[in-house]
Amino acid sequence: MKILVGIKRVVDYNVRVRVLADGSGVDTDGVKMSVNPFDEIALEEALRIRDAGNAEEVIVVSAGGDECQQQLRTGLAMGADRAIQIQTSEGLQPLSTARAFLKVIEREDPGLVLLGKQAIDDDNCQTGQMLAALWERPQATSASKLELNGNSATVVREVDAGLETIEIDLPAVVTVDLRLNEPRFVKLPDIMKAKRKPMDVVSLEELGVAIEGNLEIGHYAPPPQREQGIMVEDAAQLVEELKNRGLL
Amino acid sequence: MSKILIIAEHDGQSLNISTAKCVTCAQAIGGNIDIAVFGSGIETIAAEAASLESVARVIAVDAEHLSAPIAANWANEVLAIADGYSHLLGPSTTLGKDLMPRIAALAGVNQVSDIMAVNAPTSFKRPIYAGNAIIDVEVPAGATVVATVRIASWQAAATTGGGSVEVRSASSNAVKHTRYVGLKSGGGERPDLQSAQRVVSGGRGVGSEENFKVIYSLADKLGAGVGASRAAVDAGYVPNEMQVGQTGKIISPDLYMAFGISGAIQHVTGIKDAGTIVAINKDSESPIFEIADIGLVGDLFKIIPELEKLLD
Ligand SMILES: Cc1cc2nc3c(=O)[nH]c(=O)nc-3n(C[C@H](O)[C@H](O)[C@H](O)COP(=O)(O)OP(=O)(O)OC[C@H]3O[C@@H](n4cnc5c(N)ncnc54)[C@H](O)[C@@H]3O)c2cc1C
Ligand SMILES: Nc1ncnc2c1ncn2[C@@H]1O[C@H](COP(=O)(O)O)[C@@H](O)[C@H]1O
């Protein structure tokens, strides 16, 4: 079986993102870009499944401009077998991303598609579910445990009420949560090796996907600021302050 | 005029507060508001939904296979009744996040995630980048609005309404490819994080599962819910459903008390809507103090017993 893993290029999670003064976007000038942290976890899981002998090939897929090849290379260095860039210069929203992924699925016929539960730039949390719907296959979102049993999988999902377990038939889309695993670090020799691994580039047009129905993104604003707080000296002062504010 | 359908969230016993919050968001959009309740044996839940202020009608779809919230099953039922609605809304909880994008894709539209404010019936404000930017999003003319509602941004609607209830049977069979196995909850009887007025949280600074007792003890004294940072969950001090933050729960209590939490952006994004944030940390340089309304530098193991004594 093949496993497809979605890799999105996003602003690194350590960067404190700032809105541009004219409200036209956020400042990405010279900002560190990385693989979406959830996608690293998705890839790690795929590699472990392959290395346990339950899959033959792990393919990393990213949709975006040529700069996303950098993140695909990181994926190859982590251990993916090959990469596919879905090339587009336009801003993709989850529906178009899902449609493009579906076309790649039709070409590659994977047994499992692993994505992050959310991309930490737009925090949309949609792509995997949309893909599963369009593919008419099961979805398991926010997975913190994944067990393959032949043609099906048992997935533990992190939900608001606790841990939910479901069983899904393969092929399926699984989106991963943070506690599924700890991704490996990339070693220098692997980065060199990754340069020789195949990277296919296919445009959105070649896949026959047109971007339609995008939501219109208007003004960007910084979040409302909280008022400057105060410091208290000890527990007694804290209790008094809370009482004064009617909180106790 | 907008015609809005809200997908109710419940645990088989009662309506989740997120539904009442979706109703308030729907009121801000304006128009006719209906609620869909899926499950089995859901009369009381349907009645609860019908009592929410300004709800016109509750459509209760009663079937055994809808009792577990399998997104593929619920999505089929939503699509079967979606005709004529301009807006399909669900809460931005793990249930809504699982379900609504599936519906959006089947309806062929993009989804608006995490509505925090309504500018106009098809224009909304939502946070991105862990709440570091707020954007205006406009749904293209003629497209159905499929959206999740950021529940920390909305008050629950009152229960003074009197809508009608219409019971229907399911329009599709259970999907075969997905089977529900079960739910394991680690939490006890403490107030639910997402509706609690007070929340006491612990981070890595608490040090162990055993030490978390001091957090529970203070929380019980205050009648508070208990939260945690991701580091505390990862270290196994507490179960996952206690995680507060970008990838955990976004909460809005009147009072939030953080003990031994450094204040990473991903954590802070989950508490920005709290009325008052109190931070207790032994490191005066900790970033949590930048957003705290009241800060106290000190050792939590010394301060919590003092607080408990003062509260007696
Ligand atoms: C994609 C992504 C998503 C994430 N999502 C979340 C999320 O949803 N929620 C979340 O919380 N984190 C999230 N994180 C993790 C986040 O970046 C931080 O690592 C985490 O919040 C740190 O938890 P902490 O503050 O408990 O631990 P630390 O940063 O280690 O802080 C511990 C604090 O305890 C203090 N301390 C120690 N001992 C004592 C004592 N005796 N008394 C008082 N203070 C003491 C220390 O001074 C320190 O400030 C996410 C990270 C990533 C990459
Ligand atoms: N442009 C993209 N390229 C590759 N993967 C993507 C892209 N957009 C989204 N994904 C995948 O879908 C997941 C969820 O993204 P989102 O729905 O945007 O929150 C991400 O974690 C990725 O695995």
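Residue selection: B:D254 satisfies the criterion of being acidic (D, E) and either under 19 Å from the mean Cα position of the chain (by Cα) or more than 9 Å from ligand 1 (Cβ to nearest atom) (or both).
Per-residue answers, yes or no, for (1) within 16 Å of ligand 1 (Cβ to nearest atom); (2) more than 10 Å from chain B (Cβ to nearest Cβ):
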| position | (1), (2) |
| --- | --- |
| A:N149 | no, yes |
| A:V155 | no, no |
| A:A161 | no, no |
| A:I168 | no, no |
| A:T175 | yes, no |
| A:L180 | yes, yes |
| A:P183 | yes, yes |
| A:K187 | no, yes |
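Contact map, segment B:97-117: residues that are touching a residue at least 40 places away in the same chain (Cβ under 8 Å) paired with residues that are of a type in the set (F, W, Y) and away from ligand 1 (no atom under 16 Å from the Cβ), Cβ distance under 8 Å, separation 6+ or inter-chain. Pairs shown: B:L99/B:W74; B:I115/B:F124; B:A117/B:F124. With the condition kept exactly as written, say whether any residue in segment A:239-246 is more than 8 Å from every other protein chain (Cβ to nearest Cβ), closer than 30 Å to B:N119 by Cα and exposed (fewer than 14 other Cβ atoms within 10 Å of the Cβ). There is no residue in segment A:239-246 that is more than 8 Å from every other protein chain (Cβ to nearest Cβ), closer than 30 Å to B:N119 by Cα and exposed (fewer than 14 other Cβ atoms within 10 Å of the Cβ).
Set side by side, the residues A:A140, A:A119 differ, and just one is assigned to a loop (DSSP other than H, G, I, E, B), of a type in the set (G, A, S) and either buried (at least 24 other Cβ atoms within 10 Å of the Cβ) or within 12 Å of ligand 2 (Cβ to nearest atom) (or both), which is A:A119.
Within segment A:136-187, can you find the residues that are among the β-branched types (V, I, T) and closer than 17 Å to A:I41 by Cα? Once the filter is applied, which keeps residues that are among the β-branched types (V, I, T) and closer than 17 Å to A:I41 by Cα, segment A:136-187 yields A:T141, A:V155, A:V156, A:V173, A:V174, A:T175, A:V176, A:V186.
Checked against (1) more than 21 Å from the chain's Cα centre (by Cα); (2) within 14 Å of another protein chain (Cβ to nearest Cβ); (3) among the hydroxyl-bearing types (S, T, Y), B:S86 passes all but condition (2). For segment A:24-39, the count of residues that are among the acidic types (D, E), at pLDDT 95 or above and crowded, with 21+ Cβ neighbours inside 10 Å is at least one. The residues in segment B:274-287 that are under 15 Å from B:L255 (Cβ atoms) and either among the polar types (S, T, N, Q) or surrounded by 20 or more Cβ atoms within 10 Å (Cβ to Cβ) (or both) can be counted, and the count is 6.
Could we say that A:A77 is part of a helix (DSSP H, G or I), away from ligand 2 (no atom under 12 Å from the Cβ), touching a helix residue (DSSP H, G or I) at 6+ places or on another chain (Cβ under 6 Å) and at pLDDT 95 or above here? Here the answer is yes, as A:A77 does meet what is asked.
Residue check: is A:G229 modelled with pLDDT under 95, over 30 Å from B:N16 (Cα atoms) and within 7 Å of chain B (Cβ to nearest Cβ)? For A:G229, the condition - modelled with pLDDT under 95, over 30 Å from B:N16 (Cα atoms) and within 7 Å of chain B (Cβ to nearest Cβ) - is not met.
In segment A:59-76, the residues that are without any contact (Cβ under 8 Å) to a residue 40 or more places away in the chain never reach a residue that is of a type in the set (D, E) with C-beta atoms less than 6 angstrom apart, at least six apart or across chains.
When B:S172, B:S201 are checked against the criterion of being outside any strand (DSSP E or B), surrounded by 13 or more Cβ atoms within 10 Å (Cβ to Cβ) and among the hydroxyl-bearing types (S, T, Y), a single residue qualifies: B:S172. Per the listing A:L102, A:L92, A:L114, A:L43, the residue uniquely within 29 Å of B:T144 (Cα to Cα), within 10 Å of ligand 2 (Cβ to nearest atom) and in contact with a helix residue (DSSP H, G or I) (Cβ under 7 Å, 6 or more places away or on another chain) is A:L114. With a requirement of 2 or more residues that are under 19 Å from B:V146 (Cα atoms) and not charged (D, E, K, R), the helices (runs of 4 or more DSSP H) lying completely within segment B:1-112 that satisfy it span B:17-29, B:71-81, B:94-107. Of all the listed residues (B:G263, B:G270, B:G245), the sole one being more than 22 Å from A:L247 (Cβ to Cβ) and more than 8 Å from every other protein chain (Cβ to nearest Cβ) is B:G245.
The values are calculated or read from the model by the stated rules, or taken from the named source; none is laboratory data. Everything quoted here is computed from the prediction, not taken from an experiment. Virtual Cβ from ideal backbone geometry, glycine too; neighbours counted across all protein chains shown.
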